[in-house]
Every structure is written in structure tokens, then in C-alpha cells.
1. What residues qualify as long-range amide H neighbours of residue 27, i.e. H under 5 Å apart, gap of 5 or more or another chain, H built at 1.01 Å from N?
2. What translational diffusion coefficient, to the nearest whole µm²/s, does the chain have by Stokes-Einstein, given a Kirkwood radius computed over alpha-carbon pairs, a temperature of 37 °C and 0.692 mPa s viscosity?
3. Within 10 Å, count the other beta carbons around each residue, average over each peptide in 41-48, 236-243, and list them highest first.
4. Using θ = phi - 60° and the Karplus curve 6.51 cos²θ - 1.76 cosθ + 1.60, what whole-Hz ³J(HN,Hα) does each residue of segment 141-148 get, with Gly and Pro shown as x?
5. Can you sort 7, 261 by how many other beta carbons sit within 10 Å, fewest first?
6. Non-local amide H neighbours of residue 123 (under 5 Å, H modeled in plane, Pro and chain starts lacking H): which ones?
7. If packing is taken as the average number of other Cβ atoms within 10 Å across a peptide's residues, how do 192-200, 143-151 rank, most packed first?
8. Which whole-Hz couplings ³J(HN,Hα) result when phi for each residue of segment 131-138 is put into the Karplus expression 6.51 cos²θ - 1.76 cosθ + 1.60, θ = phi - 60°, listed in order with x for Gly and Pro?
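What follows draws every value from the coordinates through simple rules; no lab data is involved. As the structure is a computational prediction, the values presented were derived from the model and not from experiment. Using ideal geometry, Cβ is built from the backbone for each residue, glycine included, and neighbour counts are taken over all protein chains shown.
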Amino acid sequence: MLTIGEFSRLTHLSMRTLRRYHEAGLLEPAVVDQATNYRYYSVDQIPVAQVIHRLRELGIPLSDVQRILRTPEPDARAALVAEHLRRLEDVLNRTRAAVVSLRRLLDPDPAPIHVELRAEPARTVAAVEAVVSVRDIEAWFAGAMAELEAAVGDDVAGPPGGNYDNALFEQGRGHALVYLPATAPPRIGRVHPVTLPAAELAVTTHMGEHDGVEVTYGELGTWVVRNAMSVAGPVREVYVVGPRDARDPAAWRTEIGWPVFRLT
């Protein structure tokens, strides 16, 4: 038997933490002296304590750690841990994107963005469209693109894109449309032909992951205020290089088109 102090030194868990784990039913001592209430642990509990320590380092709540430890099947335990790891990776990716955005915003001498005034002709594409909320846009986009790719098949005639109404940004809910250019746009399920109207656009390119694209939006909007006349209409995005084209997010390229009225 090991005293709580000895067990603490061996596992790098403080005595206060061990008492809390005991109270939570997560790691109960092998023996509790009824007269003194001293806690004693066995050497067999050291690996369990180390597992708990690592799971807690990953930010897994006590209740979930308990569920993992009480799951008898190794595959089921691994699935529970993998679920938490995926969530942690998502948080890490968002944190990295936020850091990149902050560095751009705090740069005392930011590089000027390149903006091109472009006249886009009308064209008919295969599209999926819906009124969606900002919190659901990522999942909706993934499902819509998968459906488009399945419907269009090898008939793809250019990079995918999306049109997003102002209400989506201003009110958190609005009309969104994603599309794939095709020589013969099909009508299957939610996929149907849509004619994108001709438009005058101020276009710039966002480099890298889509997280942080709001900084590029801000830079483009600033350029438009200073150099052109903004008009009502959906913002257009074209995913020139995306996850399906390059595994490295640094290689991704998204064109952002801001509707403008050209004076010349």
C-alpha cells in the first residue's frame, strides 16, 4: 500500500486532486482507514492514475473521463477518446486561424491587397441553394458540395463557387447558393440549373484556409469604399484551389468578388 503522499509523487497528481478524484468516484483508494480516514493506494492503480492525468491534460471533463474508464470494450474506449481528440483538433485549428487573423490585423505595415475590377458574364451552372443560418453554413456547404460533385460527375467545367446574400452576414441568416460549372447542368435532387446574372465585381484573392477570410473581406470592403461604388447583390466566392485540390491549406486560394458599379 502507498500513502496518498507517496502515490502523489509517483503519479504527479497532487493530494488535493487525488481527494477530488476520490470524491467524484473517479479514482477511489484501495483502502481508507476507518479510524484516521487516511487513504492508501496500490501500485496497480498507478497506470490508471496516469491515464486519468493524460485525459485531463487533453481537457476532457471528469464525467467523460469516468465514462471512458468504465467502458469495458477497448474499441469503444478508443472511439470515445478519438471523439474528444477531433474536438480538440477543431479548437486548435480555430485557434491557429484566429492567431493568423490577429497577426494580419495587428501588422503595423500590412501589404496592400491586389484588387481587380472584373466584368463577369451571365452563365448557367449546377447549383444547390437554401436559406441557412451562419452557424449551419459549414455543414450545409459540405453536404451541398458533395451532392453537386455526385450529380455533375466528370462534367465539371471550372472551379466551384458560392453566392451569399447580404442578410447572411447582417442578420446571421440568409440565402446561400453553391455551384459547380458544368457543360450540361443536371437536375437531380437538390441540384438544379441556375443562371448567375452578369455582374461587375471588385475581386481579390484570400490565401490559405477559409478561417480568417473576414480579414480579407474587410480589406476588400475598405478598397471598395475608397475606390468604387458598392451596389446591392450577393458576395461571390470562387474556390480556385481548395481541399480537394491541395492537402496543404497554405496552398488554398479563394477569390472574393464584391459587387460594384464601375464609373469608367
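1. It is 22, by chain and number.
2. Stokes-Einstein gives a translational diffusion coefficient of 144 µm²/s.
3. My ranking of the peptides, most packed first, is 236-243, 41-48.
4. Using θ = phi - 60°, the values come out as 4, 4, x, 5, 5, 4, 5, 5 Hz.
5. Going from least to most buried by this count: 261, 7.
6. For residue 123, whose amide H was placed from the backbone, the distant partners under 5 Å are 196.
7. 143-151, 192-200
8. Taking θ as phi minus 60°, the curve returns 8, 10, 9, 4, 5, 9, 5, 5 Hz for segment 131-138.
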